[in-house]
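Okay, so here's the structure we're looking at.
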Amino acid sequence: MEQGKLTIYFVRHGKTEWNLTGQMQGWGDSPLVSEGKNGAILVGEALQDIRFKAAYVSPSKRTQDTAKYILSGKKVPIHLTEEFREMSFGSWEGVRVSELDEQFKEARHAMLHSPATFDARENGGETYYQLEERVQKGIQKLISEQKSGNVLVVSHGMTLTLLMYLLSGGKMADHRLKGERILNTSISQVDYENGEFRVVKLNDIAHLEKTRV
């Protein structure tokens, strides 16, 4: 089957308890808060006219719950996709960011500002090189399985910040400096056609400004 035009809608999960309390949340998990649930519902309303062929969703509960709110009962095949998990933070999972910034100043600085030198020895989690390899595998899996139409991806902040920057032609080493931080329940749209990715919309949150009764 030939590859036609594939349109991928990338959404970061809704806001969670750990997002509010400032705790590291990678492979660890915490529930969506009301704002997160409402944000996911508003994404669903913004995309209600899009006919999705499939959804590729990180296995974390917060992303699965977000996807369910977005799809709102629509019969769309959901593929739980390990490659779209958040970056693993190892022993830092669940620890407050303020504490880590005090205890691991050099490692935290590298994580935030120098992806190519962050080696993850302090926490036993993933490096950005590992994250890059993983998300590239995920996107290649998606385009090999879905040849055309509309696909939903629900993933995470660090993962999507890197992936969107890579798809726009950037390099992993400078994505923390030049890439846009992907916000909770934001929508990014990427078209794939003739072997090329084109970022059409990035980090759009206009739908979140809508007032819910």
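The values are calculated or read from the model by the stated rules, or taken from the named source; none is laboratory data. All values derive from a computational prediction rather than experimental measurement. Glycine gets a Cβ as well: all are built from the backbone with ideal geometry, and neighbour counts include every protein chain shown. Just so you know, the surface numbers come from the protein's heavy atoms only, side chains and all, with ligands and any DNA or RNA stripped out. Shrake-Rupley method; radii C 1.70, N 1.55, O 1.52, S 1.80 Å.
Measure nothing fancy, just the Cα-based angle from helix 61-71's long axis to the longest principal axis of the chain, in degrees from 0 to 90, nearest 10.
Orientation of helix 61-71: about 20 degrees from the principal axis.
For the chain, what is the accessible area per residue in Å² when the probe is 1.4 Å? The partial results should precede the final answer.
On the way: 10430 Å² over 213 residues.
That works out to 49 Å² for each residue.
When the accessible area of region 6-210 is split by element with a 1.4 Å probe, what percent falls to carbon and sulfur?
Taking all protein chains in place, region 6-210 shows 48 percent carbon and sulfur surface.
Take the alpha-carbon centre of region 162-176, take the same for region 1-46, and report the distance between them in whole Å.
20
Could you work out the helix-only [θ] at 222 nm for the chain, with each DSSP H run of four or more residues adding -39,500 (n - 2.57) and the total divided by the number of residues, to the nearest 500 deg cm²/dmol?
That comes out to -10500 deg cm²/dmol.
From Cα pairs below 8 angstrom and at least 6 apart in sequence, can you work out the relative contact order of the chain, rounded to a whole percent?
That works out to 33 percent.
With both partners inside the chain, how many of the DSSP beta bridges are antiparallel, as a percent to the nearest 5?
Bridges in the chain are about 50 percent antiparallel.
For the Cα atoms of the chain, what angle does the longest principal axis make with the long axis of helix 34-46, in degrees from 0 to 90, nearest 10?
Approximately 30 degrees, to the nearest ten.
Quick one: net charge around residue 71, please, counting Lys, Arg +1 and Asp, Glu -1 for every other residue with C-beta under 13 Å from its C-beta.
Local charge sum for residue 71: +3.
If you line up the long axis of helix 128-145 against the longest principal axis of the chain, both from Cα atoms, how many degrees apart are they, to the nearest 10?
10
Run down the lysines and flag those whose C-alpha is under 23 Å from the C-alpha of residue 171, throwing out any fewer than 8 positions away in its chain.
Within the straight-line cut-off, residue 171 pairs with 137, 141, 201.
What percent of all Cα-Cα pairs in region 26-121 falls into each 10 Å bin, going from 0 up to the bin containing the maximum distance?
14, 35, 27, 19, 5
Please compute the net charge surrounding residue 134, taking Lys and Arg as +1 and Asp and Glu as -1 over other residues with Cβ under 14 Å from its Cβ.
Neighbour charge sum, excluding residue 134 itself: -3.
Which three lengths, in whole Å and largest first, does region 6-210 cover when its Cα atoms are put on their principal axes?
48, 39, 27
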